[in-house]
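First up is the structure itself, then whatever we jot down about it.
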Amino acid sequence: MAAMNRRQFVASMLASPLARLWAQSGASAKIVKVETIHWPSRDSAVFWPHWVWLRLTTEQGLTAVGETYPRNSVEAEVIHSQFAGMLMKRDPGDIERFWADLYHTLDFQVAGGAEMRVLSAIDLALWDLLGKSLNAPVWRLLGGRSNPRVRLYNTCFPYKYDFRTEPEKIMKEVLESHGVRHIKIWPFDGAAIRNGRQFVTQSDLEEALMPFRKLRDQFGDKIEILVEFHSNWNLTSAIRIAKALEPFKPMWLEDMLLPGNFHQYRELAESTSLPLTIGERMAGKLQFQSLLESGAAKYVMFDVCWCGGVTEARKITAMADSYQLPFAPHTAGGPLLFYASTHVSTAMPNCAIQESCQRFYEHDWPEMLEEPLKPSQGTIAAPAAPGFGMRIKPEVWKHQNAVVRVTAA
């Protein structure tokens, strides 16, 4: 067969399905409007509005959504005062280039805080826009379905029962209604507040262990218990708590110490047989590199609304995979956090499990979303719709108590 000449090669490339989609989609169409929406308090909406949404509109009328939390008015201000103009001057399809340039810009202002959360929201919106431009779900753009269904655990946000006194009722509901067999609780936080996070007494331990006893008494080893600590403890107290928990065999101990002190995390890991989960509050792959090099974590956790969006999350998962470690996304924020995390968990092969909150998918999301995601048999499947597949009810953007701000080209 004769060698293909340049003209034939170009023609064949343009004939490929992806190239045709790209050419027809107008994926590089300019952004002409940047909007934000948030609510001033939990009482200002029928749902729990502890996030800010970013909405992008292109000159062809495509819209895409990003999200971050929890300092909503601050993050909205940063979006409009610092980054909205940049968004309308760049090709929205150049996600990696935009991320790198924006990160190096904000690094001069300290790489973290509101700027990093805003970068995460922008990145999510750009991935949503890319998926909609190409008529493809984000998981497809990330490499396809490594995990067609993703395991879930339930985080016990305030809802029907208090996990400190009635954890067995929460477990029974999510198990029987949704097939979820994993439950996350944080009964040591009260002692941390009382004791200035400096010490834990035997009485504190006995009080905090009650939910574990109730869960094991009723469900035995048919369920898994995960424990959150919100980085409340020093090393000495963390070691004592870990030893007290070992007989109850929790699946993991999450964020016991403040992030960044990885030598102490390594000492904690060596003092207990229980696996440590670390990373929810960390941002950027460089922080996760230090965590992985410490050898302290057995599960790597990140939040796509804080760590740098999907662009950075997929690199963090790949780094964890090179250490043969699983990841488990944090999703205790707004609904796009859950949707975007589900796409990452679906695409990246080393996902162990993902967070979910019964309150959100049973109570809050039906008020604001059309056909929101809901667990089945203890798992979730990412939507096949373009982008992240999250559809916000039109009336949400017109809510009388919503704070809406617009920057237009």
**OP:** Test residue 363 against the stated conditions and say whether it is surrounded by fewer than 23 Cβ atoms within 10 Å (Cβ to Cβ), assigned by TED's automatic domain parsing to the domain that holds residue 172 and part of a helix (DSSP H, G or I).
**Re:** yes
Subject >> Unique match (being basic (Lys, Arg), out of contact with any helix residue (DSSP H, G or I) (no Cβ under 6 Å at 6 or more places or on another chain) and at pLDDT 95 or above) among 281, 314, 266 >> reply: 314
**OP:** From (1) of a type outside the set (Phe, Trp, Tyr); (2) farther than 23 Å from residue 147 by Cβ; (3) surrounded by fewer than 18 Cβ atoms within 10 Å (Cβ to Cβ), pick out the condition that doesn't hold for residue 287.
**Re:** (3)
Original post:
Within the range 136-153, is even one residue free of Cβ contacts under 8 Å to residues at least 40 places away in the same chain and either touching a strand residue (DSSP E or B) at 6+ places or on another chain (Cβ under 9 Å) or under 30 Å from residue 77 (Cβ atoms) (or both)?
Top reply: no
Original post:
Can you pull out the residues in the range 29-86 that are of a type in the set (D, E, K, R), surrounded by fewer than 23 Cβ atoms within 10 Å (Cβ to Cβ) and either under 18 Å from the mean Cα position of the chain (by Cα) or within 15 Å of residue 123 (Cβ to Cβ) (or both)?
Top reply: 55, 71
Original post:
Which of the residues belonging to the range 196-207 are touching a residue at least 24 places away in the same chain (Cβ under 8 Å) and surrounded by 14 or more Cβ atoms within 10 Å (Cβ to Cβ)?
Top reply: 197, 199, 200, 205
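Filter the range 319-332 down to the residues that are among the hydrophobic types (A, V, I, L, M, F, W, C) and under 20 Å from residue 116 (Cβ atoms), then identify the one that is modelled with the lowest pLDDT. Explain how you work it out, then say what you get.
First, pick out the residues of the range 319-332 that are among the hydrophobic types (A, V, I, L, M, F, W, C): 319-320, 325, 327-328, 332.
Restricting the remaining residues to those that are under 20 Å from residue 116 (Cβ atoms) gives 319-320, 327, 332.
Numbers: 319: 98, 320: 98, 327: 98, 332: 94.
Among them, the one singled out is 332.
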Subject >> the range 251-284, residues that are buried (at least 16 other Cβ atoms within 10 Å of the Cβ) and aliphatic (A, V, I, L, M) >> reply: 251, 253, 256, 257, 268, 269, 274, 276, 278, 282, 283
**OP:** Within the range 165-180, track down each residue that is in contact with a helix residue (DSSP H, G or I) (Cβ under 6 Å, 6 or more places away or on another chain) and either among the charged types (D, E, K, R) or part of a loop (DSSP other than H, G, I, E, B) (or both).
**Re:** 168, 180
**OP:** Would you please list the contacts, defined by Cβ atoms under 7 Å and residues six or more apart or on different chains, that run from a residue in the range 219-245 that is at positive phi to a residue that is not in a loop (DSSP other than H, G, I, E, B)?
**Re:** 230/189
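Got a sec? Which of 297, 328 is small (Gly, Ala, Ser), under 15 Å from the mean Cα position of the chain (by Cα) and crowded, with 18+ Cβ neighbours inside 10 Å? Spell out how you get there, then give the answer.
Working: 297 fails: under 15 Å from the mean Cα position of the chain (by Cα).
Answer to the selection: 328.
Here is a check on your reading of the model: is residue 355 in contact with a strand residue (DSSP E or B) (Cβ under 6 Å, 6 or more places away or on another chain), in contact (Cβ under 8 Å) with a residue 24 or more places away in the chain and within 16 Å of residue 228 (Cβ to Cβ)? Don't jump to the end; show me each part of the working.
Numbers: in contact with a strand residue (DSSP E or B) (Cβ under 6 Å, 6 or more places away or on another chain): yes; in contact (Cβ under 8 Å) with a residue 24 or more places away in the chain: yes; within 16 Å of residue 228 (Cβ to Cβ): yes.
It is true that residue 355 is in contact with a strand residue (DSSP E or B) (Cβ under 6 Å, 6 or more places away or on another chain), in contact (Cβ under 8 Å) with a residue 24 or more places away in the chain and within 16 Å of residue 228 (Cβ to Cβ).
The values are calculated or read from the model by the stated rules, or taken from the named source; none is laboratory data. Owing to the predicted nature of the structure, the values given are computational and were not obtained by experimental measurement. Don't worry about glycine lacking a Cβ; one is built from the backbone with ideal geometry, like all the others, and counts go over all protein chains shown.
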